[in-house]
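Derivation of every value follows stated rules applied to the coordinates shown; laboratory data play no part. Computed from a predicted model, the values in this text were never measured in an experiment. We place every Cβ from the backbone using ideal geometry, glycine too, and count neighbours over all the protein chains shown.
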Amino acid sequence: MVYLDNAATTWPKPESVYNTVYRFMQSSCANPGRSAHQMARASSSAVMKTREALAALFNIQNPLDIAFTANATQALNMAIQGVLREGDHVVTTAMEHNSVLRPLCHLKRSGLIDYTVVMPYDSCGHISPSAIADAIRSNTRLIILSSASNVTGTILPYEEVGRLAREKGILFLVDAAQGAGVLDFDVQSMHISLLAFPGHKGLMGPQGTGGLYVAPGVEIRPILFGGTGSRSFETIHPDFMPDMLEAGTVNTPGIAGLGAGLQWLAKVGLENIRKKKKLLLEAFFDAIGRIPSVRIYSERNAAMNSGIVSFIIGGMDSSDIGHQLDTKYGIAVRSGFHCAPLAHETLGTMKTGLVRISPGYFNTVEEMEYAARAIRAIARG
């Protein structure tokens, strides 16, 4: 199998991730922060080391400002439902994932908030910071932007929008699902108020891991309440990070595995990750050429692409193309609507969906060339 679905979840993981999770489950997988015995202390230490590694990656001054979650979807829900108040307005874009759009839709349908969706200005999904600025109202509390589109891979202007949010005194939430582990994030210089990220994609951790950074001074309410291991003599939920957003037992072995993924990432380096993705994208684009029946919706300029190629073949449904790639050629891709209905509506692909190819660090040039040949063969019929 040629696995080209890394935008959904990276595979394979570094061997150290598998080994760490397995060893941790065998040796010291107790409940962190609940007991004082040595296994519980070992669990707490593993969780803290991963917090510290994330803080170093994102330039977060205090690792305790990071709350672990099950995935980026949970982190985004915690951020959106936690900071918004009745009467607030939100600015977001048509390139966002349903993890952003559905919470906003729910709050709007409940009569609590309103939001404005900024449209892209081309078929790759580029967003203009000035269009976001034009959408701001007097009651805008929050701007939400993906670091890169999960549909097209287009890198969105999160750094410029961070400066805008800072100037306007508006909270800025970044969905780093397609950026963490590939793009640079500095929550200080980029003025990021809230950063939601998965552990199982570019950070190379196991599924069931993710997190939310909350900048100091940001007022956020928890959406889950329960045991935290702290102030257990009170029935009032803690109001300090990370406990206020970590009700219940965290995924300790998963977080330990995420820590191993972060160690691997630090050793390889983000610049080398980007160089490899550039090599793979360029190999694919060179091999696929320009076929009249194949329309590509992703940036051919690798510097503006997080590592995704989305396309459709004229006269075919994306699910049919994906099925042929899987069954005839042994290539794993993502077909359909990628949980981003407004992006597909904007791009004009609601009837067919798109086929998404997303290489990872462990893919090869030969695999990308093979995928291009397979697509050319399908296009020829």
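Straight-distance candidates among the lysines for linking to LYS275, with alpha-carbon spacing under 17 Å and chain neighbours fewer than 8 residues away dropped: LYS267. A Förster radius of 25 Å, combined with the Cβ-Cβ distance separating SER138 from GLU219, puts the computed FRET efficiency at roughly 0.85.
Over the chain, the hull volume per residue, using the convex hull of the C-alpha atoms, is 132 Å³. DSSP finds beta bridges in the chain, and of those with both partners inside it, around 50 percent are antiparallel. Length, then width, then depth: along the principal axes, the Cα atoms of region 269-380 run 39, 31, 23 Å. Over the chain, with a Gaussian network built from C-alpha contacts below 10 Å, which listed residue (CYS29, CYS105, CYS124) shows the highest mean-square fluctuation? Greatest mean-square fluctuation among the candidates belongs to CYS105. A DSSP coil position with no more than 13 other Cβ atoms inside 10 Å describes the following chymotrypsin sites (Phe, Trp or Tyr not before Pro) in region 31-127: TYR121.
Going from the fewest other Cβ atoms within 10 Å to the most, the residues SER27, SER298 appear in the order SER27, SER298. A full extension of the chain between CYS339 and THR249 corresponds to an added length of 29.5 nm, given 0.36 nm per residue minus the alpha carbon distance.
For the chain, leaving out every one of the trypsin sites (Lys or Arg not before Pro) that falls in a DSSP loop and has at most 16 other Cβ atoms within 10 Å, the longest unbroken run is 138-230. Taken as Cα centroids, region 299-361 and region 156-233 sit 27 Å apart, rounded to the nearest whole angstrom. Between helix 252-268 and the chain there is an angle of about 60 degrees, using the helix long axis and the longest principal axis of the Cα atoms.
Rg and Dmax of region 1-115, based on Cα coordinates, read 18.9, 51 Å.
Computed as a quarter of the hull surface, the mean projected area of the alpha carbon convex hull for region 119-263 stands at 10.1 nm². Here is how the number arises for the chain: DSSP H runs of 4 or more residues each give -39500 (n - 2.57), the sum is divided by the residue count, and the result at 222 nm is -12000 deg cm²/dmol. In this simple spin-label approximation, ALA30 and GLU282 carry label points 7 Å from Cα along the Cα→Cβ vector, and these lie 5.3 nm apart.
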